[in-house]
Amino acid sequence: MKKIILLTLSFVLVLVAEAQTAEPVKKTRSGTCFEPSHPNYEKVRNYIATYKTLEECINSGGKTPIKTG
């Protein structure tokens with residue numbers, strides 16, 4: 001039981017540390033949410049808001065980028 005608790009706590013700590021150092025999700029004027037892993041993330045210069053997660057951006061009325069190809 002102690003091992004499960006320690007593993008869970010370790011996992012949570014890793015997620016918190018990653019979230020603090022991660023780049024934000026950018027929401028553009030058109031409402032598109034770009035995660036740092038998206039190929040066009042660095043090209044997004046004119047954004048109106050940033051969010052910690054993609055879910056937060058979508059919940060604010062944003063949308064995911066259209067997949068092409």
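So which residues in segment 19-44 are open to solvent by less than 50 Å² (accessible area, probe 1.4 Å) and under 14 Å from Ile66 (Cβ atoms)? Matches in segment 19-44: Thr28, Gly31, Thr32, Cys33, Phe34. For Pro24, are the conditions met, namely being modelled with pLDDT under 95 and within 14 Å of the chain's Cα centre (by Cα)? No; evaluated as a whole, the condition is false for this residue. Counting only residues that are modelled with pLDDT under 95 and open to solvent by less than 70 Å² (accessible area, probe 1.4 Å), how many does segment 45-69 have? Summing the residues that are modelled with pLDDT under 95 and open to solvent by less than 70 Å² (accessible area, probe 1.4 Å) in segment 45-69 gives 1. Each residue in segment 23-47 was checked for being outside any strand (DSSP E or B), farther than 13 Å from Ile58 by Cβ, in contact with a strand residue (DSSP E or B) (Cβ under 8 Å, 6 or more places away or on another chain) and not aliphatic (A, V, I, L, M), and 6 pass.
Would you check if Phe11 is at pLDDT below 90 and among the aromatic types (Phe, Trp, Tyr)? So Phe11 passes the test.
The values are calculated or read from the model by the stated rules, or taken from the named source; none is laboratory data. Keep in mind that this is a model prediction, so the values were computed, not measured. Please note: Cβ atoms are built from the backbone with ideal geometry, for glycine as well, and neighbour counts cover all protein chains shown. SASA here: full protein model, heavy atoms, side chains in, ligands and nucleic acids out. Shrake-Rupley method; radii C 1.70, N 1.55, O 1.52, S 1.80 Å.
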